[in-house]
Amino acid sequence: MSSISLAERRQAMGFCIYCWLGLASLVVVVWASFAYLSLDPMRLFTAESRGYMGDFVRRFFPPDFSADYLQRIGKGALETLAISAIGTLIAAAAGLLLALPASGRFGGVAKSLTRFLLNFLRSVPELVWAALMVLAAGLGPFAGTLALALHTTGVLGRLFAESLENAPREPALALVESGAPATLVFVYGTLPLVTPQLIAYSLYRWEMNIRMATILGFVGAGGLGQMLYYELSLLHEAQASSVIMAMLALVVVVDAVSAWVRRGQIRAGG
């Protein structure tokens, strides 16, 4: 018993040493980063800085709630919602098509090539895709929709492929043994088992794309983000405050609707 206790103590001491070494390394890296970037956090707490920050925040109030401006915000919110919804819908359809070869259903070569394509699509950030699409398709919501669709296709395609690979094989094997063609085997033996996951992944990405669609407007991709960039560029803080509130309200509503749909799906699944 004493030898086991001694070994446990030595193991705990070794673990503790590694913990302290890791913490010390982290502190050194953080300190070196601040020194290299010439950052002085204490400048944020000076009286002058507090005054500047207070004046900056005060300029955002009261927000502009005039009827004409609220009408413009409503149009921008609908545009943002449409960009995110259409982009996610296109990505879900394209992701499912690419998930079939990515899950290994058409051989190893097709699997490797498709997974490389999916990795490429999702490795490029949405803002980079948006900048490229603005150059290719011009300013406006079409560029934002394409940017979201391209990036989200890479994300959903990989998630869908993992779901197809991990799906139980017994129903599909039973259909194969009964002589059913490959298409029917997939439609009736595999797809019903993964559909709840596919819907959940798509809804989750839609929630994220709502937020991202508001940011893409900063590169000219339309929606509330473009309105916010315009107002901030002209130092119209009251109007910018109204747009920010509309963004928050839109995200809250979409999150609530998505959660309600998922709860209904869980209840329907028993």
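The values are calculated or read from the model by the stated rules, or taken from the named source; none is laboratory data. In this text the structure is predicted, and so the values were computed from the model without any measurement. With ideal geometry, Cβ positions are generated from the backbone for all residues, glycine too; neighbour counts draw on all protein chains shown.
Is it the case that some residue within segment 176-189 is in contact with a helix residue (DSSP H, G or I) (Cβ under 8 Å, 6 or more places away or on another chain), of a type in the set (S, T, Y) and closer than 13 Å to L96 by Cβ?
no
Among the residues of segment 169-179, is there at least one that is acidic (D, E), out of contact with any Phe, Trp or Tyr (no Cβ under 9 Å at 6 or more places or on another chain), more than 26 Å from L139 (Cβ to Cβ) and free of Cβ contacts under 8 Å to residues at least 40 places away in the same chain? I'd like the intermediate steps shown before the answer.
Initially, segment 169-179 is screened for residues acidic (D, E), giving 170, 177.
With the extra rule that they be out of contact with any Phe, Trp or Tyr (no Cβ under 9 Å at 6 or more places or on another chain), the set shrinks to 170, 177.
Keeping just the survivors that are more than 26 Å from L139 (Cβ to Cβ) gives 170, 177.
Subset that is free of Cβ contacts under 8 Å to residues at least 40 places away in the same chain: 170, 177.
The answer is yes, given that some residue of segment 169-179 is acidic (D, E), out of contact with any Phe, Trp or Tyr (no Cβ under 9 Å at 6 or more places or on another chain), more than 26 Å from L139 (Cβ to Cβ) and free of Cβ contacts under 8 Å to residues at least 40 places away in the same chain.
Could you tell me how many of the residues in segment 82-123 are of a type outside the set (K, R) and not in a helix (DSSP H, G or I)?
If we filter segment 82-123 for residues that are of a type outside the set (K, R), which is where we start, we get 82-104, 106-110, 112-114, 116-121, 123.
Those still in the list that are not in a helix (DSSP H, G or I) too: 103-104, 106-107.
Residues meeting the conditions: 4.
Which of the following residues is over 20 Å from E231 (Cβ atoms), under 24 Å from the mean Cα position of the chain (by Cα) and not hydrophobic (A, V, I, L, M, F, W, C): G76, G51, G87? Walk me through how you get there before you give the answer.
Details: G76 fails: over 20 Å from E231 (Cβ atoms); G51 fails: under 24 Å from the mean Cα position of the chain (by Cα).
Matching residue, one of G76, G51, G87: G87.
Hey, among I199, I215, which residue is farther than 19 Å from A99 by Cα, modelled with pLDDT of 80 or more, out of contact with any Pro (no Cβ under 9 Å at 6 or more places or on another chain) and part of a helix (DSSP H, G or I)? Talk me through it step by step, then tell me what you get.
Values: I199 fails: farther than 19 Å from A99 by Cα.
Being farther than 19 Å from A99 by Cα, modelled with pLDDT of 80 or more, out of contact with any Pro (no Cβ under 9 Å at 6 or more places or on another chain) and part of a helix (DSSP H, G or I) holds for just one of I199, I215, which is I215.
It is to be established whether one or more residues within segment 158-177 are more than 24 Å from the chain's Cα centre (by Cα), buried (at least 16 other Cβ atoms within 10 Å of the Cβ) and at positive phi. Can you show your working first?
Residues of segment 158-177 that are more than 24 Å from the chain's Cα centre (by Cα), as a first pass: 167-177.
Within this subset, residues satisfying the condition of being buried (at least 16 other Cβ atoms within 10 Å of the Cβ) are 167, 172, 175.
Among the residues that remain, those that are also at positive phi are: none.
Scanning segment 158-177 turns up no residue that is more than 24 Å from the chain's Cα centre (by Cα), buried (at least 16 other Cβ atoms within 10 Å of the Cβ) and at positive phi.
Within segment 96-108, take every residue that is among the hydrophobic types (A, V, I, L, M, F, W, C) and either buried (at least 16 other Cβ atoms within 10 Å of the Cβ) or modelled with pLDDT of 90 or more (or both) and give me the one that is farthest from the chain's Cα centre (by Cα). Reasoning before the result, please.
Within segment 96-108, the subset among the hydrophobic types (A, V, I, L, M, F, W, C) is 96-100, 102, 106.
From the residues that got through so far, the ones that are either buried (at least 16 other Cβ atoms within 10 Å of the Cβ) or modelled with pLDDT of 90 or more (or both) too are 96-100, 102.
Details: L96: 18, L97: 21, L98: 19, A99: 19, L100: 23, A102: 21 Å.
My answer is L100.
Could you tell me which residue of segment 197-247 is farthest from the chain's Cα centre (by Cα), considering only residues that are under 15 Å from L146 (Cα atoms) and of a type in the set (V, I, T)?
V219
Whether any residue in segment 192-213 is over 23 Å from V128 (Cα atoms), in contact (Cβ under 8 Å) with a residue 60 or more places away in the chain and charged (D, E, K, R) is what I want to check.
no
Taking the criterion of being touching a residue at least 24 places away in the same chain (Cβ under 8 Å) and either among the aromatic types (F, W, Y) or not assigned by TED's automatic domain parsing to the domain that holds L250 (or both), would at least one residue in segment 104-124 satisfy it?
yes
If a residue has to be among the hydroxyl-bearing types (S, T, Y) and either closer than 30 Å to A143 by Cβ or not in a helix (DSSP H, G or I) (or both) to count, how many in segment 37-79 make the cut?
Of the residues in segment 37-79, the ones among the hydroxyl-bearing types (S, T, Y) are 38, 46, 49, 52, 66, 69.
From the residues that got through so far, the ones that are either closer than 30 Å to A143 by Cβ or not in a helix (DSSP H, G or I) (or both) too are 38, 46, 66, 69.
Of the residues in segment 37-79, 4 are among the hydroxyl-bearing types (S, T, Y) and either closer than 30 Å to A143 by Cβ or not in a helix (DSSP H, G or I) (or both).
Filter segment 124-140 down to the residues that are in a loop (DSSP other than H, G, I, E, B) and small (G, A, S), then identify the one that is farthest from the chain's Cα centre (by Cα). Walk me through it before giving the result.
Going residue by residue through segment 124-140, those that are in a loop (DSSP other than H, G, I, E, B) are 124-125, 138-140.
Subset that is small (G, A, S): 138, 140.
Working: G138: 24, G140: 21 Å.
Here the answer is G138.
Could you tell me whether L191 is of a type outside the set (D, E), crowded, with 21+ Cβ neighbours inside 10 Å and part of a helix (DSSP H, G or I)?
In short, no.
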